[in-house]
Amino acid sequence: MRQIWKSFRALYFASLMMLIGSGLLSTYLGLRLAADHVDSLWVGALMAANYFGLVLGGKIGHRLIARVGHIRAYATCAGIVGAAVLGHGLINWLPAWLFLRVIVGLGMMCQYMVIESWLNEQAEAKQRGLVFSGYMIASYLGLVLGQLILVLHPELGLELLMLVALCFALCLVPVALTRRIHPAPLHPAPMEPRFFIKRVPQSLSTVLGAGLIVGSFYGLAPLYASQQGLSTEQVGLFMGSCIFAGLVVQWPLGWLSDRYDRALLIRCFALCLAVAALPLAIMTEVPLEVLFIAGFLCSLVQFCLYPLAVAFSNDHVEGDRRVSLTAMLLVTYGVGASIGPLVAGVLMKLFGSHMLYAFFSFFALVLVWRIRPKAVTNLHQVDDAPLHHVAMPDSMSSSPLVAALDPRVDEQVVQDQMQNPVDPEPDPEPKPETDPSPDEPHDPDTGREQSFTEARP
């Protein structure tokens, strides 16, 4: 693992900085609007706009990367995201904030795609599982640290927006310093929605439900905690502990997933979520101890739904379709995460903040009703099922290219489906007038260096 960290620390650091900024921004906006007594509908709309941008970026990002290359696309998007973050401090008009959130989501998705492309290119086949785990840890750790910043700096001033912009500036450094030629351009894998709706309807239902719940959690849980009387420091601790629960549960979840029926586990975890959320759904004023314990327990199970659905769907789809499956799952999750905060925001506005967890409990019960293990036993199950469970990063921090890192997906299949068969456009910029230094390998055709500062020897 030490060798993995040494080889990929630059890209892990870039992911860490991005997620610190993203996690802090989401919570900051929720608390800022709560302090200004803005309707919860607007808070939900801002998170929905962010997820809409993420889904949109999954399509636009491929074209941008193919047109200008990985490094330029990453640097461009990081700069735009940093400017959009600072725009929240310059403009107090909420419709403009919606537009800025779409821009932030779109730009971050492109950044995810660049990082995941590079991780996949540098990882050997036998290392992909460990590389993937390191990426997941960096993602969750970044989200947790973003919440803990609020504990150290509870004032909701422009300084927090500057910190977010600082994180996006720092995430530029390791990628901008690379001396390696960028990975081959990739194009979107076909999603084939009709096929997957027929083949894995229960998995898609679970992913949609997970998007509804987790998207609402990220957008509205800070507002809920604030309306329960928590200070900014306590809201940061509450959000940090809940997100940390999502990281802690991944490895026990993998042990269970490889030993028990996954459809049954989805149903059990959905039922546990409905029960765990019930105290927070019923009580309008929750004691601090109950809030932290129940919130942690809810997060333990709500962050299990998406990884289980991914593993379950892979058991029923052939290997040559798993790249397309990943894209379909992420789009489905994004749709749910765009709708969920809007619906939950309306409920909170009409009936009170406790309706957030009533919303969680209701949709968890819908999944209990929807998932029927006996109905899918051996139905369309592929020859190598059940596949080994792989801990998944939060869908807020991954792109359709995450399939390229998933060790369950054959690397050759990824290349066959996503490699761009068209020759890339020639670089319109003139080659440097000076020769490269003799100690740096150089590609005479592209004028670009081929080594990577953090690459494996």
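The values are calculated or read from the model by the stated rules, or taken from the named source; none is laboratory data. If you're wondering where the values come from, they're calculated on a predicted model, not measured in any experiment. Note that each Cβ is placed from the backbone with ideal geometry, even for glycine, and that neighbours are counted across all protein chains shown.
Taken over the range 274-327, residues that are among the charged types (D, E, K, R) and surrounded by fewer than 18 Cβ atoms within 10 Å (Cβ to Cβ) amount to 4. Which members of the range 328-353 meet the condition of being buried (at least 21 other Cβ atoms within 10 Å of the Cβ) and either polar (S, T, N, Q) or under 14 Å from the mean Cα position of the chain (by Cα) (or both)? Matches in the range 328-353: 329, 330, 332, 333, 334, 336, 337, 338, 353. Exactly one residue out of 305, 342, 300 is touching a Gly at 6+ places or on another chain (Cβ under 6 Å), among the aliphatic types (A, V, I, L, M) and touching a residue at least 24 places away in the same chain (Cβ under 8 Å): that is 342.
Restricting the range 175-188 to residues that are crowded, with 21+ Cβ neighbours inside 10 Å and closer than 16 Å to residue 78 by Cβ, the residue that is modelled with the lowest pLDDT is 182. Could you list, in sequence order, all residues of the range 282-306 that are in contact with a helix residue (DSSP H, G or I) (Cβ under 6 Å, 6 or more places away or on another chain) and either closer than 16 Å to residue 208 by Cα or acidic (Asp, Glu) (or both)? If the condition is that a residue be in contact with a helix residue (DSSP H, G or I) (Cβ under 6 Å, 6 or more places away or on another chain) and either closer than 16 Å to residue 208 by Cα or acidic (Asp, Glu) (or both), then 301, 302, 303, 304, 305, 306 are the ones that fit. The requirement of being closer than 22 Å to residue 145 by Cα, part of a helix (DSSP H, G or I) and without any contact (Cβ under 8 Å) to a residue 60 or more places away in the chain is satisfied by residue 242.
The lone criterion from (1) closer than 14 Å to residue 25 by Cβ; (2) in contact with a Pro (Cβ under 8 Å, 6 or more places away or on another chain) left unmet by residue 120 is number (1). For residue 335, the stated conditions hold: it is of a type outside the set (Ser, Thr, Tyr) and part of a helix (DSSP H, G or I).
Okay, residues lined up against (1) in contact with a Cys (Cβ under 9 Å, 6 or more places away or on another chain); (2) within 30 Å of residue 292 (Cβ to Cβ); (3) in a helix (DSSP H, G or I); (4) modelled with pLDDT under 95:
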site	(1), (2), (3), (4)
191	no, no, no, yes
195	no, no, yes, yes
203	no, no, yes, yes
206	no, yes, yes, yes
214	no, yes, yes, yes
